[in-house]
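S.K.: The structure follows.
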Amino acid sequence: MLKHLACVVGARPNFMKMAPLLRALAAYAHVRPVLIHTGQHYDENLSDVFFDELGMKRPEVCLEVGSGKHGAQTARVLERMEEVLEQGPPGGGRYDRLVVVGDVNSTMAAALAAVKLGVPVAHVEAGLRSFDRTMPEEINRIVTDSIADMLFVSEPQGMENLRREGHAEEHLHLVGNVMIDTLLWLLPKAKARDTLARHGLRPAQYGVVTLHRPANVDCPQTLGRLLDVLHEASRQLRLVFPVHPRTRQRIERFGLSERLNGGGVLLLPPLGYLDFLALTSQAHLIVTDSGGLQEESTVLGIPCLTARPNTERPVTVEQGTSTLVGSDPEQLRVQLEAILAGRYKSGTCPALWDGQAAGRIARVLAG
């Protein structure tokens with residue numbers, strides 16, 4: 001009997017997590033995954049290009065919700081997802097399960113729409129907790145996990161979090177990290193590109209910076225001090241900074257552009273995944289507030305200074321190459337000096353982060 005899965009993506013990180021799962025599900029003739037794109041990210045550099053680079057099929061359904069405040073965006077996804085689920089999959093029938101990944105607004109809203117219609121929910125990347133409820137992503141994670149009955153977990157701490165929250169053991173599956181599946185699959189292709197040559201870079205002789213979280217970019221004093229430290233460090237090591245649209249807007253609005261003049265900081269527009277992976281995989285160090293880069297840098301063995309006070313991915317700090325520096329410019333400076341002086345810690349790759357997580361998930365979904 002054909003099993004229909006509603007597989008939902010909405011924002012940039014979702015694509016890297018869904019792509020390997022769709023490939024793994026293709027091995028099961030009785031499973032029919034339907035890709036649904038909410039359109040939470042609609043910028044071509046942050047959305048469409050990923051379908052091409054990741055080899056993903058185009059979505060069968062597009063909700064086109066666009067950006068907006070959390071409440072409005074969540075409401076649009078909830079309303080439109082409900083209609084899609086009620087209509088059923090293309091060709092007839094009904095959806096047997098909804099599959100969501102990550103922790104964006106689309107993840108939570110789609111899960112809520114499904115469970116209200118009696119469609120069971122599977123959450124890939126379940127159990128991650130920062131224990132910081134000021135983060136919208138943390139609320140999305142908690143709500144999604146609370147209504148899902150199939151929870152795919154990337155690290156042991158996630159299993160403990162879910163047990164503590166009262167989830168039944170038969171609902172929990174420690175499978176590894178699907179983001180790493182994509183990284184390992186595309187790493188050879190990324191390194192074969194001429195990305196470094198185009199920007200005058202040599203392997204291990206530059207660092208990569210990404211900043212976009214409100215705590216780092218919405219306050220002019222905080223952002224200004226972080227940029228000062230980066231400018232100072234760039235005198236010793238060239239830094240490549242693909243600037244998120246939100247961050248570029250704040251830099252210009254706060255009049256901080258001159259803080260990066262005269263140093264070794266190369267500002268770039270947002271990059272496609274392959275060009276970005278080409279940069280990060282060959283960097284000497286990474287400074288970021290991105291959850292995904294904490295994971296990728298750990299697998300790549302590259303020092304990562306995470307500009308957040310907490311993380312929902314503790315294994316990247318406890319076992320991997322990440323160090324939390326918050327929004328503290330002095331902590332950032334100290335750790336940058338340690339890396340440049342060769343005094344930084346080394347890390348190890350977590351168990352099951354081996355490029356096979358999607359296969360483990362697909363076996364459970366197809367069963």
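S.K.: In terms of modelled amide H atoms, which long-range or inter-chain residues lie less than 5 Å from the amide H of GLY66?
M.R.: Residues meeting the criterion, in which the H sits 1.01 Å from N, are GLN40.
S.K.: Could you give the length gained by full extension between GLN319 and GLN331, i.e. 0.36 nm per residue of separation minus their alpha carbon distance, to one decimal place?
M.R.: That pair, GLN319 and GLN331, stretches by 2.3 nm at full extension.
S.K.: Grab the Cα-Cα distance for ARG363 and HIS70, subtract it from 0.36 nm times how many residues apart they are, and report the gain in nm with one decimal.
M.R.: On the way: separation 293, 0.36 × 293 = 105.48 nm, distance 3.42 nm.
Value of the extension gain: 102.1 nm.
S.K.: Follow-up question, since we're still on this one. Can you give me the distance in nm between label points at ASP52 and GLU258, each placed 7 Å from the Cα along the Cα-to-Cβ direction?
M.R.: Going by the 7 Å Cα→Cβ label model, 3.9 nm.
S.K.: Another one. Over all distinct Cα pairs, what is the inverse of the mean 1/r for region 283-337, reported as the Kirkwood hydrodynamic radius in Å? Numbers along the way, then the final one.
M.R.: Working: mean 1/r = 0.0933 Å⁻¹.
Taking every pair of different Cα atoms in region 283-337, averaging 1/r and inverting gives 10.7 Å.
S.K.: Something else about it: Considering amide H positions built from the backbone, and no H for Pro or chain starts, which residues 5 or more places from ARG238, or on another chain, come under 5 Å of its amide H?
M.R.: GLY207
S.K.: How big is the equivalent ellipsoid of region 1-147 along its three axes, where each semi-axis is √(5λ) from the Cα gyration tensor, reported in whole Å from largest to smallest? The partial results should precede the final answer.
M.R.: On the way: eigenvalues 95, 62, 47 Å².
Working through the eigenvalues yields semi-axes of 22, 18, 15 Å.
S.K.: Please identify the chymotrypsin sites (Phe, Trp or Tyr not before Pro) of region 107-211 that satisfy two criteria: DSSP loop assignment and at most 12 other Cβ atoms within 10 Å. Which are they? Can you show the working numbers first?
M.R.: Working: sites: PHE131, PHE152, TRP185, TYR206; in loops: PHE131.
Here the sparse-neighbourhood loop sites are PHE131.
S.K.: In whole Hz, with x marking every Gly and Pro, tabulate ³J(HN,Hα) for region 59-70 from phi via Karplus 6.51 cos²θ - 1.76 cosθ + 1.60, θ = phi - 60°.
M.R.: Taking θ as phi minus 60°, the curve returns x, 6, 10, 10, 8, 6, 7, x, 8, x, 5, 4 Hz for region 59-70.
S.K.: Can I ask one more? Choose one of VAL31, LEU237, ILE147: the residue whose Cα lies farthest towards the positive end of the charge dipole of the chain (beta-carbon charges +1 Lys, Arg; -1 Asp, Glu; about the Cα centre).
M.R.: Among VAL31, LEU237, ILE147, the one farthest towards the positive end of the dipole of the chain is LEU237.
S.K.: Another question, then. Determine the sum of side-chain charges near GLU64: Lys and Arg each +1, Asp and Glu each -1, restricted to other residues whose C-beta is under 11 angstrom from that of GLU64.
M.R.: Details: positive: ARG76, ARG80; negative: none.
Combined, the nearby Lys, Arg, Asp and Glu give +2.
S.K.: To the nearest Å, what is the center-to-center distance of region 55-69 and region 146-169, using C-alpha atoms only?
M.R.: Computed from Cα coordinates, the inter-centre distance equals 28 Å.
S.K.: Per q in 0.15, 0.21 Å⁻¹, report the Debye log10 I(q)/I(0) for region 186-340, using one uniform scatterer on each alpha carbon and no solvent.
M.R.: Debye output, listed in q order: -0.73, -1.50.
S.K.: Taking 0.36 nm per intervening residue step and subtracting the Cα-Cα distance, what contour gain separates GLN236 from LEU2 on full extension? Display every interim value, and only then the final one.
M.R.: On the way: separation 234, 0.36 × 234 = 84.24 nm, distance 5.89 nm.
Extending this stretch completely gives an extra 78.4 nm.
S.K.: What is the spin-label model distance, in nm, from CYS62 to ASP354 if the labels are put 7 Å beyond Cα along the C-beta direction?
M.R.: Placing both labels 7 Å along Cα→Cβ, they lie 3.9 nm apart.
S.K.: Another one. What number, rounded to the nearest 500 deg cm²/dmol, is the helix-based mean residue ellipticity at 222 nm of the chain, given -39500 (n - 2.57) per DSSP H run of at least four residues and division by all its residues?
M.R.: On the way: 16 runs with 161 residues, N = 367.
Roughly -13000 deg cm²/dmol at 222 nm, from the helical runs in the chain.
S.K.: Quick one: which of 265-273, 302-310 comes out on top by average Cβ neighbours within 10 Å, and what's the full order, highest first?
M.R.: Working: 265-273: 17.0, 302-310: 22.4.
Order by mean packing, descending: 302-310, 265-273.
S.K.: Mind giving me the FRET efficiency for LYS116 and GLU165? R0 is 25 Å, r the Cβ-Cβ distance, nearest 0.05 is fine. Kindly include the intermediate steps, with their values, before the conclusion.
M.R.: Details: r = 21 Å, r/R0 = 0.83.
E between LYS116 and GLU165, to the nearest 0.05, is 0.75.
S.K.: Moving on. When the Kirkwood radius is taken over all Cα pairs of region 57-96, what Stokes-Einstein diffusion coefficient follows at 20 °C and 1.002 mPa s, in µm²/s? The partial results should precede the final answer.
M.R.: Details: Rh = 11.4 Å.
The Stokes-Einstein estimate is 189 µm²/s.
S.K.: May I ask you to order 207-217, 65-75 by the average number of other C-beta atoms within 10 Å around their residues, highest value first?
M.R.: On the way: 207-217: 21.8, 65-75: 14.8.
Packing proxy ranking, top to bottom: 207-217, 65-75.
S.K.: Now for a separate question. Compute the distribution of all C-alpha to C-alpha distances in the chain, in bins of 20 Å from 0, and list the percent of pairs in each, rounded to whole numbers.
M.R.: 30, 58, 12, 0
S.K.: Considering only the other residues whose Cβ falls under 11 Å of the Cβ of PRO242, what net charge follows from Lys and Arg at +1 and Asp and Glu at -1? Write out the running numbers ahead of the final one.
M.R.: Values: positive: ARG248; negative: ASP275.
It works out to a net charge of 0.
S.K.: May I ask you to derive the FRET efficiency for ASP149 and GLN87 from their Cβ-Cβ distance with R0 = 35 Å, giving the value to the nearest 0.05?
M.R.: 0.90
Since every read-out is calculated from the coordinates, none of them should be taken as a lab result. Keep in mind it's a predicted model, so treat the numbers as computed, not measured. Note that each Cβ is placed from the backbone with ideal geometry, even for glycine, and that neighbours are counted across all protein chains shown.
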